[in-house]
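Here's the structure we're looking at; comments come further down.
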Number of protein chains: 2
Amino acid sequence: MITAMARAATTSDAFNAIAEPQRRDILTLLRSGERPVTDVAEELGMSPSRASKHLRVLREVGLVRLRGAGKQHFYGLDARGLRPVHEWLGGFEEFWAGSFDRLDAYVQDLKRTQED
Amino acid sequence: MITAMARAATTSDAFNAIAEPQRRDILTLLRSGERPVTDVAEELGMSPSRASKHLRVLREVGLVRLRGAGKQHFYGLDARGLRPVHEWLGGFEEFWAGSFDRLDAYVQDLKRTQED
DNA sequence: TGATCATATTCCGTTATCGGAAAACGTCAA
DNA sequence: TTGACGTTTTCCGATAACGGAATATGATCA
């Protein structure tokens, strides 16, 4: 039972998971191929335990997959989990160019307001 | 001076700002035009104070602009702030189709591992 | 079995979110 | 000035992320 809500868990969403810069770095790194925890940690300059924790979060939201048992674990990218983010963002692309116009309108409006 | 780091502030990033579902809803709503706080609150079923707080976060990261002084405030979308998110995501698009193949490979691998 | 390497988890303290409720501003009209 | 409306802020309690350090688990090889 939930008593009080604070910020949503990092593991609740791809949106929340990628809010952390280091986790984005991990995903970016994994674009070039699978890697064991140690490599991730070393290449991104973080402690193995930290890397492991971040990878756990990414695994829980399905952005990363663990392959291979035994001593060697390989983490690989599963970018499908980013689709919801991309889809949500897609609705805004048309606004990027337009935003400049809208900013112009805003500035014009501001001028008018101050002149009045 | 920073003593200990917790989760990054919601206002530090577009990434952090859009991690909250209600803030995404607000941005989506504002695609159809500017709105005063009350309207946002009502249309999304949240208290005015909550809406105002969310809008403040969005304003601080530059995703939203405040127009008009006086009693009537109008909040409008400034989607340019989403560009960093889109750009980061862009690097992964090529992987979405590929991810299925990679999943196949993963499953094959799993089979092999379990047979051994 | 015991040592060693690779990963994962737990413990700790600090910080900041989130919602609701209540109170504080700020503006405009009577 | 008083009152009403629209908006923002403050206070509160509960939750949990984050890093580092230490510890635990797990697998492999001598």
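The values are calculated or read from the model by the stated rules, or taken from the named source; none is laboratory data. Because the structure is a prediction, the values reported are computed rather than measured. Note that each Cβ is placed from the backbone with ideal geometry, even for glycine, and that neighbours are counted across all protein chains shown. Surface areas here come from the heavy atoms of the whole protein model, side chains and all, with no ligands, DNA or RNA. Shrake-Rupley method; radii C 1.70, N 1.55, O 1.52, S 1.80 Å.
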Which distances, in nm and shortest first, link the residue B:12 label point to the same label point in every other copy, taking 7 Å along Cα→Cβ?
1.9
Using only Cα atoms, what is the ratio of the radius of gyration of region A:8-54 to 2.2 N^0.38 Å?
1.13
Calculate one ³J(HN,Hα) per residue across region B:26-42 by plugging θ = phi - 60° into the Karplus curve 6.51 cos²θ - 1.76 cosθ + 1.60, and present them in order as whole Hz with x for glycine and proline.
4, 4, 4, 4, 6, 4, 8, x, 5, 8, x, 3, 4, 5, 4, 4, 5
Over both sides of the B-A contact, add up the buried accessible area with a 1.4 Å probe and give it to the nearest 100 Å².
3900 Å²
Given the rotation that superposes chain A on chain B, what residue of A brings its beta carbon nearest the axis, and what is the distance in Å?
A:19, 2
Residue A:54 accessible area, assembled protein chains, probe 1.4 Å, Å²:
10 Å²
Per-residue average of other protein chain Cβ atoms inside 10 Å, peptide A:56-67 -> 1
Using a 1.4 angstrom probe on the protein heavy atoms only, could you order B:44, B:29, A:89 from most to least accessible area?
B:44, B:29, A:89
Inside 10 Å of the C-beta atoms of A:22-31, what's the mean count of C-beta atoms belonging to other chains?
2
Kindly report, to the nearest 10 Å², the accessible surface of residue A:39 as traced by a 1.4 Å probe over protein heavy atoms only.
60 Å²
Over the heavy atoms of residue A:65, what accessible area does a 1.4 Å probe trace out, to the nearest 10 Å²?
80 Å²
Other-copy label distances relative to residue B:84, 7 angstrom Cα-Cβ extension, nm:
2.3
Quick check: with the 1.4 Å probe, what order do A:38, B:10 take by accessible area, largest first?
A:38, B:10
State, to one decimal in nm and shortest first, how far the label point of residue A:68 sits from each corresponding label point in the other identical copies (label point: 7 angstrom along Cα-to-Cβ).
6.1
Averaged over the residues of B:6-14, the number of partner chain Cβ atoms within 10 Å of each residue's own Cβ comes to 2
